[in-house]
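Q: Let me begin by handing over the structure; questions about it come next.
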Amino acid sequence: MNRRTTSALAAAAVLALAACGGQAQDPAAPQTGEAVVLGLTYTPDVQFAPFYVAEAKGYYEEAGVEVTLRHHGASESLFGALEAGEEDLVVAGGDEMLQAFSAGVPVVNVATVYEEYPVVLIVPADSPITSAADLPGHTVGVPGPFGETYFGLLALLSGAGLTPEDVAVEHIGYTQQAALGAGHVDAVMGFANNDAVQFAQAGIEVRTIALEDVPLVGIGVGAHSDLADDDVTAAVVAATMRGVRDVLDDPEGAVEIAAEHIPGLADPAARDAALATVTATLPLYGEGTGETDVTLWEQMAVFMAEQGLLEGEVDPTTAVRAQAAAR
């Protein structure tokens with residue numbers, strides 16, 4: 001049972017008690033042990049270490065919240081469970097949330113987990129491509145015309161005064177390593193803390209080209225709009241950011257905790273690979289405050305509208321909270 005379900009039941013109880021002449025508790029008031037379902041996209045992965053750490057160390061429990069970490073199915077849409085009432089919170093890119101919000105999905109960003117945008121351009125080590133300005137005439141692979149790798153490509157090209165028509169964009173699915181390694185494409189868009197790390201682990205020599213200052217917001221926590229200003233949501237955010245700061249302080253300890261959730265991490269090689277991913281993620285967390293730059297969201301809304309990524313006009317200030325206040 002998730003937060004919205006328990007809130008609805010509490011409200012019904014209030015009405016029933018009031019009808020009997022009793023004195024009821026305000027259903028919006030924080031209650032110990034309230035249930036929250038937090039969606040972690042796709043299969044268990046070390047990228048979710050802060051959430052595993054917050055759960056293992058009892059931070060959610062200390063905050064008076066019973067958090068269920070729910071991984072999505074392979075074919076499940078990013079915000080489907082949130083819309084269906086099966087999740088209260090979900091981990092997603094800020095740009096993905098804004099796009100969904102413009103399409104009517106009731107998701108509001110309540111915390112920014114990655115202060116730095118995680119997407120980079122990846123090229124072979126001996127590639128003549130050294131910046132976005134070198135991309136015309138080359139082929140760039142992306143999983144598809146969606147998500148942060150695609151948004152990142154558009155931002156990279158725009159920053160260099162280019163458009164997708166200036167390069168050959170190939171939709172390669174999640175095969176960046178195979179496509180680039182076999183020479184099917186000249187470059188791929190990928191995550192600095194995932195794809196780039198996997199290339200190194202596979203012994204494929206590559207270079208990464210940072211996107212630098214782009215009008216995009218990376219991974220954060222989104223809440224159903226009914227819960228965006230809820231005290232329980234704020235408590236979950238505060239506990240999660242404690243987990244982030246613990247990962248910053250002790251990456252190896254975070255991998256140990258993540259191993260309880262991720263099959264195969266008992267293998268030393270897999271453990272080393274997981275630690276490499278966590279280490280590459282540390283710069284993305286910044287100071288681990290969870291605060292959101294609303295001005296950047298406004299810039300992102302303009303950029304995404306110009307790129308045709310939003311449905312209609314969107315006031316980004318209604319889709320984001322600077323920071324959910326801790327309970």
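The values are calculated or read from the model by the stated rules, or taken from the named source; none is laboratory data. Given the structure is predicted, the values throughout are model-derived calculations rather than measurements. Heads up, the Cβs are rebuilt from the backbone with ideal geometry, glycines too, and the neighbour counts pull from every protein chain shown. Accessible surface areas use protein heavy atoms only, side chains included; no ligands, DNA or RNA. Shrake-Rupley method; radii C 1.70, N 1.55, O 1.52, S 1.80 Å.
Q: Is one or more of the residues making up the stretch 122-133 crowded, with 21+ Cβ neighbours inside 10 Å, in contact with a strand residue (DSSP E or B) (Cβ under 9 Å, 6 or more places away or on another chain) and in a strand (DSSP E or B)?
A: Looking only at the stretch 122-133, we keep the residues that are crowded, with 21+ Cβ neighbours inside 10 Å, and these are 122-123, 132.
When the remaining residues are screened for being in contact with a strand residue (DSSP E or B) (Cβ under 9 Å, 6 or more places away or on another chain), the result is 122-123, 132.
This time we only want the ones that are in a strand (DSSP E or B), so: 122-123.
Yes: the stretch 122-133 contains one or more residues that are crowded, with 21+ Cβ neighbours inside 10 Å, in contact with a strand residue (DSSP E or B) (Cβ under 9 Å, 6 or more places away or on another chain) and in a strand (DSSP E or B).
Q: Among Val217, Val206, which is the only one that is under 17 Å from Tyr114 (Cβ atoms) and of a type in the set (Val, Ile, Thr)? Break it down into steps so the answer makes sense when it comes.
A: Working: Val206 fails: under 17 Å from Tyr114 (Cβ atoms).
Being under 17 Å from Tyr114 (Cβ atoms) and of a type in the set (Val, Ile, Thr) holds for just one of Val217, Val206, which is Val217.
Q: Of all residues in the stretch 68-77, how many are modelled with pLDDT of 95 or more and either aliphatic (A, V, I, L, M) or assigned to a loop (DSSP other than H, G, I, E, B) (or both)?
A: 1
Q: Please verify whether Ala234 is aliphatic (A, V, I, L, M), over 16 Å from the mean Cα position of the chain (by Cα), over 15 Å from Lys57 (Cβ atoms) and open to solvent by 30 Å² or more (accessible area, probe 1.4 Å), treating the condition exactly as stated. So that I can check it myself, show each step before the final result.
A: Values: aliphatic (A, V, I, L, M): yes; over 16 Å from the mean Cα position of the chain (by Cα): yes; over 15 Å from Lys57 (Cβ atoms): yes; open to solvent by 30 Å² or more (accessible area, probe 1.4 Å): no.
Against the criterion (aliphatic (A, V, I, L, M), over 16 Å from the mean Cα position of the chain (by Cα), over 15 Å from Lys57 (Cβ atoms) and open to solvent by 30 Å² or more (accessible area, probe 1.4 Å)), Ala234 does not qualify.
Condition check ((1) in contact with an Asp or Glu (Cβ under 7 Å, 6 or more places away or on another chain); (2) over 14 Å from Ala319 (Cα atoms); (3) of a type in the set (Ser, Thr, Tyr)) across all residues:
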{"site": "Ala35", "(1), (2), (3)": "yes, yes, no"}
{"site": "Tyr42", "(1), (2), (3)": "no, yes, yes"}
{"site": "Val46", "(1), (2), (3)": "no, yes, no"}
{"site": "Ala49", "(1), (2), (3)": "no, yes, no"}
{"site": "Gly58", "(1), (2), (3)": "no, yes, no"}
{"site": "Ala74", "(1), (2), (3)": "no, yes, no"}
{"site": "Asp95", "(1), (2), (3)": "yes, no, no"}
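Q: Let me confirm something: among Glu260, Glu212, which residue is surrounded by fewer than 23 Cβ atoms within 10 Å (Cβ to Cβ), of a type in the set (D, E, K, R), on the phi > 0 side of the Ramachandran plot and over 16 Å from the mean Cα position of the chain (by Cα)? Even if it seems obvious, please write down each step before you answer.
A: On the way: Glu260 fails: on the phi > 0 side of the Ramachandran plot.
Every option except Glu212 fails the conditions.
Q: For the stretch 144-162, enumerate the residues that are open to solvent by 20 Å² or more (accessible area, probe 1.4 Å), in a helix (DSSP H, G or I) and not aromatic (Phe, Trp, Tyr).
A: Applying the first criterion (open to solvent by 20 Å² or more (accessible area, probe 1.4 Å)) to the stretch 144-162 yields 145-146, 150, 158-162.
From the residues that got through so far, the ones that are in a helix (DSSP H, G or I) too are 150, 158-159.
Once the filter is applied, which keeps residues that are open to solvent by 20 Å² or more (accessible area, probe 1.4 Å), in a helix (DSSP H, G or I) and not aromatic (Phe, Trp, Tyr), the stretch 144-162 yields Ser158, Gly159.
Q: Further question: Name every residue in the stretch 266-281 that is without any contact (Cβ under 8 Å) to a residue 40 or more places away in the chain and open to solvent by less than 40 Å² (accessible area, probe 1.4 Å), in order of residue number.
A: Selection gives Ala270 alone.
Q: Right, here's the next one. May I ask you to say which residue of Asp166, Asp95, Asp88 is farther than 22 Å from Gly308 by Cα and of a type outside the set (A, V, I, L, M)?
A: Numbers: Asp166 fails: farther than 22 Å from Gly308 by Cα; Asp95 fails: farther than 22 Å from Gly308 by Cα.
After applying the criteria, what remains is Asp88.
Q: May I ask you to verify whether Gly141 is in contact (Cβ under 8 Å) with a residue 40 or more places away in the chain and either crowded, with 21+ Cβ neighbours inside 10 Å or under 27 Å from Gly181 (Cβ atoms) (or both)?
A: In short, yes.
Q: Having 3 or more residues that are at pLDDT 95 or above is the bar; report the helices (runs of 4 or more DSSP H) wholly within the stretch 1-67 that clear it.
A: On the way: elements: 3-19, 49-56, 59-62.
Hits in the stretch 1-67: 49-56, 59-62.
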